[in-house]
Amino acid sequence: MTKLAESWAAGDKRAVGQGTLTRQWAMVIDLRKCEGCTTIDKPPQCVEACNRAHYLPEGQQWIRVVVERDQRGSFFRPIPCMQCENAPCVQVCPVGATYRNASGVVLVDNNRCIGCRLCMAACPYDVRVFNWVRPPTPPEAALVRYSPEFPVPHRKGTVSKCMLCAHRTAHGELPACAAGCPMKAIYLGDLTTDVATNGDEVLQLSTFLSENHAYRYRGDLGTRPRVYYIPGHGEAFGRRPGA
Amino acid sequence: MSEARRLEAQLLGVLARPPRWYPFIVTLLAGVVAWAFYAWTVQYRIGLGVTGMHNRVPWGLYIINFVFLIGISHAGTLVSAILRITAAEWRRPITRMAEVITVVALMTGALMVMVDMGRPDRLLYLLRYGFGHLSSPILWDVLSVATYLTGSLIYLYIPLIPDLAMLRDRLGPKVPGWQQWLYRTLAMGWRGTPRQRARLERALTVMALLIIPIAVSVHTVVSFVFSMTLRVGWHSSIFGPYFVVGAIFSGIAGIITAMAVFRRIYRLEAWITEEHFQKLGWLLLALNLIYLYFTFSEYLTMGYQPDDAEAALLRLLFIGPYGKIFWPMVLGGLVAPALLVMVPSVPALRSLRTVPVLRPVPIALTAAGLLTTVLLARGMPQAAILPAWLASWETLRWPLLGLGALLILSLVPVLQARRVASLVTASVLVNIGMWLKRYLIVVPSLAVAQTPFGAITYRPTWVEYSIIGGTFAGFALLYLVFSRLFPIVSLWEVREAEDSAIREPADVGTRPYVAPAGGRT
Ligand code: SF4
Ligand code: SF4
């Protein structure tokens, strides 16, 4: 872990020679390892970790775990925001409340959002959620200073979504879901330096993707997601897809 | 007394002393509006959570009603402009009504968007930040609706000026002081001099020419809010023209309905004649057929796709939970009106009324149709020839409901003799149908899951229904109040037509309006 911390500690920017280098965050989800937390008999731990980390109001999930089927049987798919490079949500926002930051993370400025919800209609991955009523603010969240990188406390009448834990990656921590996954199925990657890690191992991102037939969810849409999936059925933990 | 003068007397009478029912209706409408306002305060306090919308169906009745009202707004100014440019003489008694519809519908429609916003307090952010984000279809909407509203107000106002001057001069002390002041100020010193008239005519022509492309742009960009997304059923290049045609279609139906109402309440039968209804009726029919054609090509193309999502959407619409809206919309809102417009013009149908034995035929036919379908659905042996999915009650009940909507056709013999009633019935059906159609555009596409989800439903709440009811009441209220303060028929234009007819074929429209005694010189 210390090695890892060193490698990521520089966060979004890292000094390289004279200038700085900007991270381009990506995520890899290894579906061979994701078994929906069924083998440990718990609700999906990534979801729980995310809910805790962002004090999510009831009814919101910034990452969901859904069941899908293919020829070999059923499998679990965690769906965070895909941080699309060609993001429909960014294009349609009339006030620029949704934008991509320098590291390629799509953020929402809840102090600017007018709550038109066109971005929700436009997102092809159904990941955006709305604060339909005043979200409760737990005492510990009340002290947080709001920023789009850590959109807490939540604002009534505005949209929210997964922001790839911009507040955590900025100082070299894994996103809450990746840190919370007991199977270490979620990797944070950086396209600039071509590395990825799940907290246990550090890999070369491009090799990892190509060797394991990684793909992007609904890639045909042309939204160019920054989230990659490695096909699988949770078999790394002995799950049988027929089940 | 000439026709035009009688019309003037009639309408000035309304302005000087409103009909007896007027205060009651106004109070009633204002009550509904007040209730809607209360519902809105509840929504403002608690949040949009009091509506039936949720994360998977983030848009509901408000957006549907927005599209509907913008659609209604369409025909007024557009039709009036086209008729003016093409110098269609029969337009004269109806242009004003049409123009007012546009303004009122645009105002209520724009209100719907504000009601729908999660943060209405941040409305002005659209101006503050918007211009850096012109890629957003919402901004296109804001810009074009604002332009259209401004343009329509000007286009309503310009031909109102000569009438205002007449009100100023003729009503005088018959109306309260503020009303006199209103006419005096708005008339802007109109004296009807040849120079003023020439300017007025020129301004009108310029506005009429400008307003046509603006009107077309408005509904096109309303459709872009949907079609610029990747959603199934929305992402379609036909959406622009489809919306424009739909808007003009429902707008004309709106004009016909309003004409019928005003003709009745202000006793204008002598000026708004069957001819006006029939002419607009043919226009309605033409747009009806174009709309049917667009609808057909839209769904056929969709149905031919091997895509799962498109198939899922069509299933939802045709035999799924939205079938109970879809079939009445198609049969009751598109097919039935087309037939109703044609019915009085088919002489052969007269025998349905005049020959006694034929009288029960329409009802019998409808009943027989319904009965056969039900029997088939209930598993008569003959039903075996139908494909399995068609032969079950569950899948058939919605188309049946639509057929039920066609029951209106059993009224054919009655309507055959009453052209106006037939057209007004058609118009009301069209407007109901088009409202439902907007529901079918907005909700089912959102309800088709793009990522795995259970069934997605949307059930509006009392807050939404109240606010929708309130906007319609507000619409009627504004319209009525306008007709109480200003002549609902363009009096000087009617008179101009009469004058030029008398002095055939001398210089049309150059005769100055002469202020009667008492007016300032
Ligand atoms: S997944 Fe949706 S919310 Fe996330 S960037 Fe793409 S379009 Fe936007
Ligand atoms: S809901 Fe907010 S973030 Fe989404 S498009 Fe509207 S203003 Fe932008």
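The values are calculated or read from the model by the stated rules, or taken from the named source; none is laboratory data. The shown structure was predicted, so the numbers you read here are calculated from the model rather than taken from an experiment. Cβ atoms come from the backbone with ideal geometry, glycine included; neighbour counts cover every protein chain shown. Note: accessible area is taken over every heavy atom of the protein model, side chains too, but ligands, DNA and RNA are not part of it. Shrake-Rupley method; radii C 1.70, N 1.55, O 1.52, S 1.80 Å.
Would you pick out the residues in region B:41-59 that are in a helix (DSSP H, G or I) and facing another protein chain (nearest Cβ under 7 Å)?
Those that are in a helix (DSSP H, G or I) and facing another protein chain (nearest Cβ under 7 Å): B:Ile46, B:Leu48, B:Gly49.
Look through B:Pro137, B:Pro93 and report the one residue that is of a type outside the set (Ser, Thr, Tyr) and within 16 Å of ligand 1 (Cβ to nearest atom).
B:Pro137
Away from ligand 1 (no atom under 15 Å from the Cβ), more than 8 Å from chain B (Cβ to nearest Cβ) and among the aliphatic types (A, V, I, L, M): is that true of A:Ala166 in this structure?
Spelling it out, it is not the case that A:Ala166 is away from ligand 1 (no atom under 15 Å from the Cβ), more than 8 Å from chain B (Cβ to nearest Cβ) and among the aliphatic types (A, V, I, L, M).
Which residues, taken from region A:169-201, are open to solvent by 10 Å² or more (accessible area, probe 1.4 Å), under 20 Å from A:Gly104 (Cβ atoms) and hydrophobic (A, V, I, L, M, F, W, C)?
A:Ala170, A:Leu174, A:Cys177, A:Leu191, A:Val195
Looking at the structure I just gave you, is B:Phe326 more than 19 Å from B:Val428 (Cβ to Cβ) and either touching a residue at least 40 places away in the same chain (Cβ under 8 Å) or in contact with a helix residue (DSSP H, G or I) (Cβ under 8 Å, 6 or more places away or on another chain) (or both)?
Criteria met by B:Phe326.
I want to confirm something. Restricting to region A:103-114 and keeping residues that are closer than 27 Å to A:Pro231 by Cα and either part of a loop (DSSP other than H, G, I, E, B) or among the aromatic types (Phe, Trp, Tyr) (or both), which single residue is farthest from ligand 1 (Cβ to nearest atom)?
A:Ser103
Quick one: which of B:Gly130, B:Gly172 is open to solvent by less than 20 Å² (accessible area, probe 1.4 Å), modelled with pLDDT under 90 and within 30 Å of B:Val463 (Cβ to Cβ)?
B:Gly130
Go through B:Leu289, B:Leu280, B:Leu284 for me and flag whichever is part of a helix (DSSP H, G or I), of a type in the set (A, V, I, L, M) and open to solvent by 70 Å² or more (accessible area, probe 1.4 Å).
Being part of a helix (DSSP H, G or I), of a type in the set (A, V, I, L, M) and open to solvent by 70 Å² or more (accessible area, probe 1.4 Å) holds for just one of B:Leu289, B:Leu280, B:Leu284, which is B:Leu289.
Please work out if A:Cys50 is out of contact with any Phe, Trp or Tyr (no Cβ under 7 Å at 6 or more places or on another chain) and either farther than 24 Å from B:Ser136 by Cβ or within 13 Å of chain B (Cβ to nearest Cβ) (or both).
The answer is no for A:Cys50.
Going by the structure shown, is B:Ile85 of a type outside the set (S, T, N, Q), crowded, with 21+ Cβ neighbours inside 10 Å and touching a residue at least 12 places away in the same chain (Cβ under 8 Å)?
The answer is no for B:Ile85.
Can you tell me which residues in region A:115-125 are in contact (Cβ under 8 Å) with a residue 40 or more places away in the chain and more than 10 Å from ligand 1 (Cβ to nearest atom)?
A:Gly115, A:Arg117
Being more than 9 Å from every other protein chain (Cβ to nearest Cβ), farther than 20 Å from B:Pro120 by Cα and within 11 Å of ligand 2 (Cβ to nearest atom) is the filter here; which residues of region A:100-141 pass it?
Those that are more than 9 Å from every other protein chain (Cβ to nearest Cβ), farther than 20 Å from B:Pro120 by Cα and within 11 Å of ligand 2 (Cβ to nearest atom): A:Val106, A:Leu107.
Regarding A:Arg218, is this residue away from ligand 2 (no atom under 15 Å from the Cβ), at positive phi and open to solvent by 40 Å² or more (accessible area, probe 1.4 Å)?
yes
Take the residues in region A:73-102 that are surrounded by 23 or more Cβ atoms within 10 Å (Cβ to Cβ) and of a type in the set (Gly, Ala, Ser); name whichever of them is farthest from ligand 1 (Cβ to nearest atom).
A:Ala97
For region A:208-243, what are the residues that are within 14 Å of another protein chain (Cβ to nearest Cβ), free of Cβ contacts under 8 Å to residues at least 12 places away in the same chain and small (Gly, Ala, Ser)?
Across region A:208-243, the qualifying residue is only A:Gly219.
Return the residues of region B:1-36 that are part of a helix (DSSP H, G or I), surrounded by fewer than 15 Cβ atoms within 10 Å (Cβ to Cβ) and out of contact with any helix residue (DSSP H, G or I) (no Cβ under 7 Å at 6 or more places or on another chain); say none if nothing qualifies.
B:Arg5, B:Arg6, B:Ala9, B:Gly13, B:Pro23, B:Phe24, B:Thr27, B:Leu28, B:Gly31, B:Ala34
Can you confirm whether A:Val47 is at pLDDT 95 or above and away from ligand 1 (no atom under 16 Å from the Cβ)?
Spelling it out, A:Val47 is indeed at pLDDT 95 or above and away from ligand 1 (no atom under 16 Å from the Cβ).
Would you please name the residue that is least open to solvent (accessible area, probe 1.4 Å), looking only at residues in region B:292-321 that are farther than 23 Å from B:Leu339 by Cα and in contact with a Phe, Trp or Tyr (Cβ under 8 Å, 6 or more places away or on another chain)?
In this case the residue turns out to be B:Leu317.
Mind telling me which of the residues B:Ala105, B:Ala110 ends up being surrounded by 24 or more Cβ atoms within 10 Å (Cβ to Cβ), at pLDDT 90 or above and touching a Leu at 6+ places or on another chain (Cβ under 9 Å)?
When all the criteria are applied, what remains is B:Ala105.
Tell me yes or no: at least one residue of region B:136-147 is within 11 Å of another protein chain (Cβ to nearest Cβ), in contact with a Gly (Cβ under 8 Å, 6 or more places away or on another chain) and open to solvent by 10 Å² or more (accessible area, probe 1.4 Å).
yes
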